[in-house]
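Just below is one structure, and these are the notes that go with it.
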Amino acid sequence: MAGAIIENMSTKKLVILGVILLLFQVFAFMVGGLIAPSPKIAVHYLATKCVDTAKHRQETKWFMPWGPNKCDKIRSFDEATAKKIEANNIVFAVHIPLPNKQMSPWFQFFLAILQFDIAFKVYNQIEDGAMVTIDVGLAYRDDTVSEWTEMAHSFEQRKLSCNFTTAKTFENEGRYYECDLLPFMEVGSIAHKYYLLNIRLPVNERKKVNVGIGEIKDIRLVGIHQNVGFTKVWFAMKTFLTPSILIIMIWYWRRITLMSRPPVLLEKVIFALGISMTFINIPVEWFSFGFNWTWMPLFGDIRQGIFYSMLLSFWIIFCGEHLMETEFFEAEFMGGGQLQLLCVPIFKIFPECPTKKSQDQMERNRFSVYWKQVGPVIFGSFCLFIFDMYERGVQLTNPFYSIWASDVGTELAMAFIIVAGICACLYFLFLCFMVFQVFRNISGKRSSLPAMSKARHLHYEGLIFRFKFLMLVTLTCAAMTVIFFIISQVNEGHWHWGEHTVQVNSAFFTGIYGMWNLYVFAIMFLYAPSHERYGDEQSSGQCITGDAGANSGEDI
């Protein structure tokens, strides 16, 4: 009967393996902490107020804030009033990036946050529930002399959420409201060097368009993109880890196929975990340098969602299979604590003995047994996928769309983030409960160990220690994953609800990513069939009973 490497490898070799993996884990954190800069960088832009002097508006006309073809500018709306320039003829122009700089595919994405500078006026205050209607166009070009090419155009509405902290009196006129940041635009691929935003605030008093929004003085943008240095480190890690996990996965499955029996559930789940890890590792982001794939953020979310689902499901099945196997061990030591039958060790994952108990064990070895535990994980992942598709899917055709733009969308998004965080915490507590059950069952079986010979007794004591240590590593990995998931959700949404944020260092990203790969690597290596147990015992499937078990223990 074949055993796993974790059972048959010497303690010295296991310690060496553990030290090597630990060094790699420390290195993963150090790469992010000492080499990679902050994951994201924010650049502030102030829109230039251009004047559209054309009597009949031209849809293809683009207004540049600076350069040889710069627009006719005004400094303030008071100047526009003095020159009798109507609000509909004012265009807010923003050139991305700032002068003498270029955008790069290394940025990976571009997220724009909108902020209005609104002055208080007694007779022009912001009404409750005021909505700003924005006529916005986005264009691009790859040099400084070519014509601008339209990329997107849309009419959007954003709800103002502003607060005036002082008394609303004539003495305080001119002071600015404190307004929340507004989601504005997200581009999933940076395929061009220069971008241009033209923003209009059309006014129509009869239709109540942009009425009751206060006196807007300026429009500011906060442009967020991935840091070039972090992108290079991230790409390097993915490029290195992809073949590493792929090789160990092929090696693992080859060992499984060499067995004389079909793979059991845990072996299949471990292989599926390796596939999901490889899927998220593949550095498809390199293609962003040659293709304008705006769906890359959506594809990245899908890959990460698949890995999360597989990892969380694996931990449930991993603990559940070991819990069942410890119960099976108890059944083998009935009858006054005497050793009657030794078909499986304390956490053997390859039950093959042709007994009724082993047949019951094989009945347990089915995925359907875990549908109550795995079902909620899959359902939750599907809900997050629908939520992500609802926003990022629409952004493929309209980069100005945001689910945070409406009250219903904001409440729905907030609810998803809060519920996801609560569910992640509940999942971790449930996993801790399963591990506690396994440890409790194992502690109850120790009374049976003295019935064995000394060699076999020591062997199983070592197996118990290895198993407990691996379960504690699993819990640590699960805890770090839950923390990473919650912080990622909060960090992604903080621009939408304002002041509260969580600053995440690059070391956290590279460390967690390295931890996932090292954990998957270790699981596939340790749970691969050991070559030391190949042979007649594997193919015969005979049970070891009585003194024969002791003799086998002495050999071990």
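The values are calculated or read from the model by the stated rules, or taken from the named source; none is laboratory data. Quick caveat, the model's predicted, so the values are computed rather than measured. Because the Cβ atoms are built from the backbone with ideal geometry, glycine has one as well, and the counts that use them run over all protein chains shown. Just the protein is used for accessible areas: all its heavy atoms, side chains included, with ligands, DNA and RNA removed. Shrake-Rupley method; radii C 1.70, N 1.55, O 1.52, S 1.80 Å.
With the contact rule set at Cα under 8 Å and sequence spacing of 6 or more, what percent relative contact order holds for region 1-119?
Numbers: 63 pairs, mean separation 28.5, N = 119.
Computed value for region 1-119: 24 percent relative contact order.
Would you please put 474-481, 107-114 in order of how densely packed they are, using the mean number of other Cβ atoms within 10 angstrom per residue and starting with the highest?
Ranked by mean Cβ neighbours within 10 Å, highest first: 107-114, 474-481.
Scan around PHE109 for amide H atoms under 5 Å from its own, H built in the peptide plane at 1.01 Å from N, and keep only partners 5 or more places away or cross-chain.
HN-HN under 5 Å from PHE109: GLN226.
Starting from 0.36 nm per residue, how many nanometres of slack lie between GLU178 and TRP295 once their C-alpha separation is accounted for?
Between GLU178 and TRP295, full extension yields an extra 38.6 nm.
To the nearest 0.05, what FRET efficiency results for PHE465 and ILE487 with a Förster distance of 30 Å applied to their C-beta separation?
0.35
Could you report the accessible area of ARG255 in Å², rounded to 10, computed with a 1.4 Å probe on the protein chains as they sit in the structure?
Probe radius 1.4 Å; accessible area of ARG255 about 40 Å².
What is the Cα centroid distance between region 173-241 and region 362-402, reported in whole angstrom?
29 Å
Which whole-Hz ³J(HN,Hα) couplings does region 227-243 yield from phi under the Karplus relation 6.51 cos²θ - 1.76 cosθ + 1.60, θ = phi - 60°, glycine and proline marked x?
With the stated coefficients, region 227-243 comes to 6, 4, x, 5, 4, 5, 5, 5, 4, 4, 4, 5, 5, 6, 6, 4, x Hz.
Listed highest first by mean packing, meaning other Cβ atoms within 10 Å per residue, what order do 280-293, 297-310, 513-526 come in?
513-526, 297-310, 280-293
Are there trypsin sites (Lys or Arg not before Pro) in region 80-128 that DSSP marks as loop and that have at most 13 other Cβ atoms within 10 Å, and which are they?
Passing sites in region 80-128 are LYS83, LYS84, LYS101.
Return the subset of LYS70/LYS232; LYS49/LYS159; LYS83/LYS193; LYS168/LYS217; LYS268/LYS468; LYS84/LYS159 for which the Cα-Cα distance in this structure is over 27 Å, preserving the input order.
Violating the 27 Å Cα-Cα cut-off are LYS70/LYS232; LYS83/LYS193; LYS84/LYS159.
Give me the one-decimal nm value for the distance between modelled label points at GLN102 and ASP128, 7 Å along each residue's Cα-to-Cβ direction.
A separation of 5.4 nm, rounded to one decimal place.
Given a cut-off of under 8 Å on Cα pairs at least six residues apart, what relative contact order in percent is computed for region 76-155?
16 percent
If one computes the Cα centroid of region 61-115 and of region 1-39, what distance in Å separates the two points?
Centre-to-centre (Cα) distance: 52 Å.
Once amide H atoms are built 1.01 Å from N in the peptide plane, which residues 5 or more positions from LYS217, or in another chain, come under 5 Å H to H?
Under 5 Å from the amide H of LYS217 lie the amide H atoms of ASP117, ILE118, ALA119, each far enough along the sequence or on another chain.
How many percent of the accessible area of region 119-207 is carbon or sulfur, using a 1.4 Å probe?
On region 119-207, the fraction of accessible area on carbon and sulfur atoms equals 44 percent.
So with the 1.4 Å probe, I'd like the accessible area per residue for region 197-322, rounded to whole Å².
Result: 40 Å² of accessible area for each residue.
With an 8 Å cut-off on Cα pairs and a minimum separation of 6 or more residues, tell me the relative contact order of region 38-87 in percent.
The value is 35 percent.
Ignoring ligands, DNA and RNA, what accessible area per residue does region 78-166 give at 1.4 Å, in Å²?
50 Å²
Cα gyration tensor of region 391-435, axes a ≥ b ≥ c as square roots of the eigenvalues: rounded (a/c below 1.5), prolate (a/b > b/c) or oblate?
Numbers: a/c = 7.38, a/b = 2.60, b/c = 2.84.
In terms of gyration-tensor shape, oblate.
With a/c under 1.5 counting as rounded, go ahead and sort region 82-125 into rounded, prolate or oblate using the C-alpha gyration tensor (a ≥ b ≥ c being the square roots of the eigenvalues; past the cut-off, prolate if a/b is larger than b/c, else oblate).
Values: a/c = 3.82, a/b = 2.05, b/c = 1.86.
In terms of gyration-tensor shape, prolate.
Per residue, how much accessible area does region 390-449 have with a 1.4 Å probe, in Å²?
50 Å²
At a Förster distance of 35 Å, what's the computed FRET efficiency of THR53 paired with GLN157, Cβ-Cβ distance as r, to 0.05?
Numbers: r = 28 Å, r/R0 = 0.79.
It comes out at approximately 0.80.
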